[in-house]
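Before any comments, here is the structure.
The values are calculated or read from the model by the stated rules, or taken from the named source; none is laboratory data. Keep in mind it's a predicted model, so treat the numbers as computed, not measured. Glycine gets a Cβ as well: all are built from the backbone with ideal geometry, and neighbour counts include every protein chain shown.
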Amino acid sequence: MRPITRSSLLVFGAFLILFPPVSHLLGFGFYVDVLIFIGIYSLITIGLTLLTGYAGQISLGHAAFFGIGAYTSGILTATYALSPWPAMALGMALSAAVAFLAGAPSLRLRGHYLAMATLAFGIIVFIVFNQEAALTGGPDGLSRIPGLELLGLRLNTPLRYYYFTWGVAYGAFLLTANIIQSRAGRALRSIHDSETASAAMGVNTSAYKIRVLVYSAALAALAGSLYAHYVKFINPATFDLSFSVKLLIMIVVGGMHSIWGAVVGAALITFLSNEWLQYFSDYEVIAYGAILLLITIFFPGGLVEVPEFLRQRLARRRRGPT
């Protein structure tokens, strides 16, 4: 696992800043809208990678936290006319509180038992979104969600929302990178390798697992609020089990043991979903399965392994046959 360097962060930031003007010059300005969704989903996958790839805790219910943030922000702004900023903060707080209450008993489980517990949690939240029609709009959805305004500037164009969304995602990336390279990150990796050994060395495994779940849930809720205020309409179908599975596919394809993989996987799957896989209609699930199968066979560590793989191939060619 390579450390996250300052130069790589600077290159990443420069790419995010320069992409819109360069894509506009090249005639690909319409991809800015796709990049907004990639930024929103990257917020979720960054937290999910920390939870699953680093701490080793499987979650099949992250769509629920995404939905809690979206519905909290949407209901408070559209129904009760609250400002979007405190509504977003309340959505993160509610999602973190639910994660703490649900995680305390669930994280005592391991392996497939934990996966089933998070799956049940996601289904319960999805049912609540559907059944509480007086509050959430039910299957018809919730509309009239207002857009965002920052320092008097309305974020009412894709370009403005792009820079805001990726500013938030980049900040979350930096914060998570610092966590990974801190004492807490080392503790999470030790829990992933062996929870028993970590506990024997004095690591409070229960506390760390709950903290990382709360953190990832808060990021997912923030992403949900950004989604709601950009699309201005939400319905329960967006936050079903299939979306939780898609999030796991993102981090596996990108590389769940690297925070870069969270962004790479979110970018690839979101791009394919918006540009190509939508034409497969009912066979979209098969396409996802084929992608996942190919990645796990040829690059078990995800697409972040590709540069290292190419470097080794070039090194072998230079050395010649042995």
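Within the stretch 83-105, identify whether any single residue is under 29 Å from residue 260 (Cβ atoms), part of a helix (DSSP H, G or I), out of contact with any helix residue (DSSP H, G or I) (no Cβ under 7 Å at 6 or more places or on another chain) and modelled with pLDDT under 90, and answer yes or no.
no
What number goes with the only condition from (1) of a type outside the set (Val, Ile, Thr); (2) in a helix (DSSP H, G or I); (3) out of contact with any helix residue (DSSP H, G or I) (no Cβ under 9 Å at 6 or more places or on another chain) that residue 114 does not pass?
Every listed condition holds for residue 114 apart from (3).
What are the pairs, 6+ residues apart or on separate chains, where a residue within the stretch 295-310 that is modelled with pLDDT under 85 has its Cβ under 6 Å from a residue that is of a type in the set (Val, Ile, Thr)?
none
Got a sec? Which of 145, 127, 180 is farther than 18 Å from residue 227 by Cβ and touching a residue at least 60 places away in the same chain (Cβ under 8 Å)? Working first, answer last.
On the way: 145 fails: farther than 18 Å from residue 227 by Cβ; 127 fails: touching a residue at least 60 places away in the same chain (Cβ under 8 Å).
One residue alone meets the criteria, 180.
Pull up the stretch 219-261, narrow it to residues that are within 20 Å of residue 131 (Cα to Cα) and β-branched (Val, Ile, Thr), then point me to the one that is modelled with the highest pLDDT.
234
Determine which member of the set 52, 72, 79 is among the polar types (S, T, N, Q) and closer than 26 Å to residue 191 by Cβ.
52 is the lone residue from the list that is among the polar types (S, T, N, Q) and closer than 26 Å to residue 191 by Cβ.
Going by what's in this entry, would residue 65 be described as among the aromatic types (Phe, Trp, Tyr), surrounded by 15 or more Cβ atoms within 10 Å (Cβ to Cβ) and either part of a loop (DSSP other than H, G, I, E, B) or at negative phi (or both)?
Yes; evaluated as a whole, the condition is true for this residue.
Please determine whether any residue of the stretch 227-239 is touching a strand residue (DSSP E or B) at 6+ places or on another chain (Cβ under 9 Å), assigned to a helix (DSSP H, G or I) and not aliphatic (A, V, I, L, M).
Scanning the stretch 227-239 turns up at least one residue that is touching a strand residue (DSSP E or B) at 6+ places or on another chain (Cβ under 9 Å), assigned to a helix (DSSP H, G or I) and not aliphatic (A, V, I, L, M).
Determine which single condition residue 76 fails, assuming it passes every other condition in (1) under 20 Å from residue 219 (Cα atoms); (2) more than 21 Å from the chain's Cα centre (by Cα); (3) surrounded by fewer than 13 Cβ atoms within 10 Å (Cβ to Cβ).
The single condition residue 76 does not satisfy is (3).
Can you name the residue in the stretch 202-240 that is of a type in the set (Val, Ile, Thr) and surrounded by 23 or more Cβ atoms within 10 Å (Cβ to Cβ) and is also farthest from residue 156 (Cα to Cα) among such residues?
Narrowing the stretch 202-240 to residues of a type in the set (Val, Ile, Thr): 203, 205, 210, 212, 214, 231, 234, 238.
If we keep only those that are surrounded by 23 or more Cβ atoms within 10 Å (Cβ to Cβ) as well, we get 212, 234.
Numbers: 212: 33, 234: 18 Å.
Across the stretch 202-240, the extreme among qualifying residues is 212.
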